[in-house]
Amino acid sequence: MAEKSERKRKKVKHPPQRVAFLKGNEMAAIAARQIQYHVMGYFPITPSTEIAEELDEMFARGDHSIRMIPADGEHSAAGICYGASVGGGRVLNATSANGLLYSMEQLPVQSGTRFPMVLNVVTRSVSGPLDIRGDHSDVMMALNAGWIILLARNPQAVYDMNIMAVKIGEHPEIRLPVMVVYDGFFTSHQKRRVRYFEDGGVVRSFVGTSPFPHTALDPDHPVTIGPYMNDPDLINNKYQLKLAMDAAESLIPKIYNEFALLSGRRYHPLDAHHMEDADAALFIPNSAAETAKETADILRQKGCPVGVLSPNLIRPFPGEEIRRACRGLKALLIADRADSYGARGGNMALEVKAALKDDPKNSTLCLARVYGLGGKDFTAEDAERLFREVLDAGDRKRVRVPFSYLGATPGKPGVKPDPPQPPISEEATSPGIVRAEWDETAGRVKVAIGTRRQLMEMPDRIAPGHGACPGCGIFPSLKQFLAGIEGHVVLLFQTGCGMVVTTGFPYTSHRVTYIHNLFQNGAATLSGVVEMYREKKARGETPQDQQITFIMVTGDGGMDIGMGSVIGAALRGHPLIIFEYDNQGYMNTGNQLSYATPMGHLTSTSHVGAAEAGKWFHHKDTAQIMAATHIPYVFTSVEGLGLDLVQKAAKAQWYARNRGTAYGKVISVCPLSWRYNEKLGTKVVRAAADCCFFPIYEVENGITTITYDPEVKNRRIPVSQWLGMMGKSRHLLKPEHETTLKAVEMEIERRWNRLKAMHQHPLL
């Protein structure tokens, strides 16, 4: 009331704000556009990806000048952001789940050297198993990284917290990086009524200009950043970080107040709902708190003295506010959307209990519950159940169940489910129609293949019934490749479309052993499987006459984030095959650009507009990169090119069994993202080969052989003909994109001529 009277007396007039109906990710992007960060380093991961998508679309329109840098993985994105921040500018990033964990090594580096930036963490369950929906298992692993952590419970708070995060992190007494954390899909994708400033200048005026006292970009004042430290220097460094957090604890409420005067929206370190006379309360973070508040309102009408506590930041932890709010409580139930396994409570439960222990006058009984893992909804009925539990504890003056899960269903230990798909015998997959043997005279593997009708006898390792989009090129290519592989196989799929659409629990389309690991570690994982197999054979624990072919299937950008792991496996020479379906983007997360995306092509992070003409750099030639590791066999192929893919698969199997790592790559159509008639998939991939964008060749023991030459066969077509077949590249045929088109044509011609020279000269 006093605040309202003060405003009325001073006649505070807030700057104009636009009312809209937007998602949390959209609000984060609007805040970033208005702040006008210098740099955003990013890597797409659901559900945070939309932030980069929105900002790239704005960039294409000329709405901001933020330099958007697509990384090859979250670890690299964090490195890009750290590098940009030491350069003395404002930096933004966004990530989720395992992306946050993959970048974790970099987070203490940034806080320990005291360079601010803003990281939006759109929370998501941490794999494994893989689940893309929201819980707090990711952010809870970052509590000790030395970052300030703000919580945003709705899209409006996402916008507001992103703006305040800049001012908080850059404050001279703080100078720490800041996370803005909000719930994946619950807040990131659900639209709400919101307000944002019409004039971005208002936002820039509020955040001000930071002095950036240390920068790597001032040659007249050289600095050493991140030196090696011994005792007692390191402990002093960490003590200074602790002092910065102490300063943040007192300064953040002041910045909240400044923003309230500007916007009319007030935040506190801890929201207290109906806490004035509550006997029992829930402590619950982020979006679920809104459901809890509504339920508390209903229970209040029924005479139940309940309240809700919800933090707006958890680093620094609002311990004093929690102690004050709980002094009159009989019982408090702390609800965590993540578990700290083995600690008998989630991290928030442990920290709230610790805070209350510091108050000798407090006798509040505490219950800990874990809810909503893997994005499980938190309903009004769930909230009422928790309120009833905490009310019961307060009335009885004892806690019957200190820690438990809400919403977990009991399993049936005695039940043994039937195999999802009938297994395939070695005899069934070894009909003898594919034969590969070493030709001593030629110094290469010679392959004999039966007729196409005979190849149809090969049983499918992947059964019908997967959930791929109509016209998807992954499975026809994989089917044709596996037709050339005889005997037992073990398949490892990196995360991607091929993995997601074949393994929706409790179902699977795989009739052979299948393993999943994340993009960045697939090849290393399969290396471990292979070496365990070899060691068990050496010890006599596996039949000596058994033969298994180990194949990693990658795509959807897996050869970006997973490149290091793949090269490591190749250099070590593990006997396995790496099979890449190249669909030219991160299709499983919504068609963001990858390094495989051709120059000028349209994706959800390389738009076409006045300031941008699709992807701005050329595609990565992974086949040549793998050839440079000097593995014994590398090939490229396309579906439908006769028996070319089958023959090369047989060669790859021979080399994997006898010489070491083999690698193969096919171009794989994606009708949804490439924007063409799904019936024309085979024609599109053949056109990619005929225009020499995707040349068909093999590198066997260092010798390059073009196995399909469109010039020799009089099938060479202009690159423009292939580009015109797809909606994602058709814009390149317009006069305003002539420069980009010429650059694409020149690069394709350069790579093709180089390949022909290698074909003609075996020593190249």
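Give a quick list of chymotrypsin sites (Phe, Trp or Tyr not before Pro) in segment 589-633 that DSSP marks as loop, anything other than H, G, I, E or B, with at most 14 other Cβ atoms within 10 Å. If you can, show how the numbers build up before the last one.
Values: sites: Tyr595, Trp616, Phe617, Tyr633; in loops: Tyr595, Trp616, Phe617.
Answer by residue number: Trp616, Phe617.
Would you list, by chain and number, the lysines whose Cα falls below 28 Å from the Cα of Lys412, excluding same-chain residues fewer than 8 positions away?
In chain and number order, the partners are Lys376.
With axes computed from alpha carbons, what is the tilt in degrees of helix 563-572 against the longest principal axis of the chain, rounded to the nearest 10 within 0 to 90?
50
So which of Lys620/Lys728; Lys357/Lys397; Lys330/Lys357; Lys615/Lys756; Lys651/Lys683; Lys683/Lys728 end up more than 20 Å apart, counting from Cα to Cα?
On the way: Lys620/Lys728 18 Å; Lys357/Lys397 17 Å; Lys330/Lys357 15 Å; Lys615/Lys756 27 Å; Lys651/Lys683 26 Å; Lys683/Lys728 16 Å.
Beyond 20 Å between Cα atoms: Lys615/Lys756; Lys651/Lys683.
Just give me a number: lysine pairs in segment 15-263, eight or more positions apart or cross-chain, with C-alpha atoms less than 22 Å apart. Mind dumping the intermediate values first?
Details: Lys23/Lys191; Lys167/Lys242; Lys167/Lys254; Lys242/Lys254.
Lysine pair count for segment 15-263: 4.
For segment 512-645, treating each Cα as an identical point scatterer without solvent, what Debye log10 I(q)/I(0) comes out at q = 0.14, 0.19 1/Å?
So the normalised log intensities work out to -0.74, -1.14.
Cut-off is 10 Å between beta-carbons; in what order do Thr123, Thr525 appear when sorted fewest neighbours first?
Fewest to most other Cβ atoms nearby, the residues stand as Thr525, Thr123.
About the Cα centre of the chain, how large is the charge dipole given +1 on each Lys and Arg Cβ and -1 on each Asp and Glu Cβ? Please answer in debye to the nearest 20.
Charge dipole, the chain, about its Cα centre: 1220 debye, nearest 20.
Among Gln34, Val91, Val12, whose Cα lies farthest out toward the positive end of the dipole of segment 1-110, if unit charges sit on the beta carbon of Lys, Arg (+1) and Asp, Glu (-1)?
With unit charges placed on the Cβ atoms, the residue in question is Val12.
To check my understanding: the extent here is largest minus smallest coordinate of the Cα atoms along each principal axis. What are those three numbers for segment 286-405, in Å, largest first?
33, 33, 28 Å, listed from the longest principal axis down.
Net charge around Tyr633, counting only other residues with Cβ within less than 15 Å of its Cβ (Lys, Arg = +1; Asp, Glu = -1)? Kindly include the intermediate steps, with their values, before the conclusion.
Numbers: positive: Arg444, Lys446, Lys648, Lys651, Arg657, Arg659, Lys665; negative: Glu437, Asp439, Glu580, Asp644, Glu698, Glu700.
Local charge sum for Tyr633: +1.
Mean shadow of segment 15-263, computed from the convex hull of its alpha carbons, in nm²? It would help to have the intermediate numbers written out before the result.
Numbers: hull surface 54.1 nm².
Seen from a random direction, the Cα hull of segment 15-263 projects 13.5 nm² on average.
Just in segment 313-368: which trypsin sites (Lys or Arg not before Pro) are loop by DSSP and have at most 15 other Cβ atoms within 10 Å?
Arg327, Arg344, Lys361
Of Leu313, Leu365, Ile334, which is farthest along the charge dipole of segment 286-405 in the positive direction, counting Lys and Arg as +1 and Asp and Glu as -1 at C-beta?
My answer, from the dipole projection, is Leu365.
Take Val158, Val178 and order them by how many other Cβ atoms sit within 10 Å, fewest up front. Write down the numbers at each step before the final one.
On the way: Val158 31, Val178 27.
Starting with the residue having the fewest Cβ neighbours, the order is Val178, Val158.
What does the charge count near Lys679 come to, summing +1 for each Lys or Arg and -1 for each Asp or Glu among other residues with Cβ under 15 Å from its Cβ?
Result for the local shell: +1.
Over all pairs of distinct alpha carbons, what does the Kirkwood formula give as the hydrodynamic radius of the chain, in Å?
Working: mean 1/r = 0.0348 Å⁻¹.
One over the average 1/r among Cα pairs gives 28.8 Å for the chain.
Counting only GluC sites (Glu not before Pro) that are in a DSSP loop and have at most 14 other C-beta atoms within 10 Å, tell me the longest site-free stretch of the chain.
In the chain, the maximal stretch lacking such sites is 1-172.
Trypsin sites (Lys or Arg not before Pro), restricted to segment 519-612: which are DSSP loop and have at most 10 other Cβ atoms within 10 Å?
When the trypsin sites (Lys or Arg not before Pro) of segment 519-612 are filtered for loop state and at most 10 Cβ neighbours within 10 Å, Arg539 remain.
Output wanted: per-residue J couplings in Hz (rounded whole) for segment 517-530, from phi through Karplus 6.51 cos²θ - 1.76 cosθ + 1.60, θ = phi - 60°, x for Gly and Pro.
9, 5, 2, 6, 9, x, 5, 5, 4, 5, 4, x, 5, 4
Summarise the long-distance tail of P(r) for segment 61-165 by giving the % of C-alpha pairs beyond 20 Å. Please report the intermediate quantities before stating the final value.
Values: 2246 of 5460 pairs.
When all Cα pairs of segment 61-165 are counted, 41 percent exceed 20 Å.
Run the quick spin-label model on Val712 and Ser205: label points 7 Å from Cα toward the beta carbon, then report their separation in nm to one decimal.
7.1
Can you check what the net charge comes to around Gln17, using other residues whose Cβ is under 13 Å from the Cβ of Gln17 (Lys, Arg +1; Asp, Glu -1)?
Its environment carries a net charge of +2.
In whole Å, how far is the Cα centre of segment 358-399 from that of segment 35-109?
Answer, in whole Å: 38.
Each reported figure results from applying straightforward, stated rules to the coordinates on display, with no laboratory input. Given the structure is predicted, the values throughout are model-derived calculations rather than measurements. Counting neighbours? That spans all protein chains shown, and the Cβs are built from the backbone with ideal geometry, glycine included.
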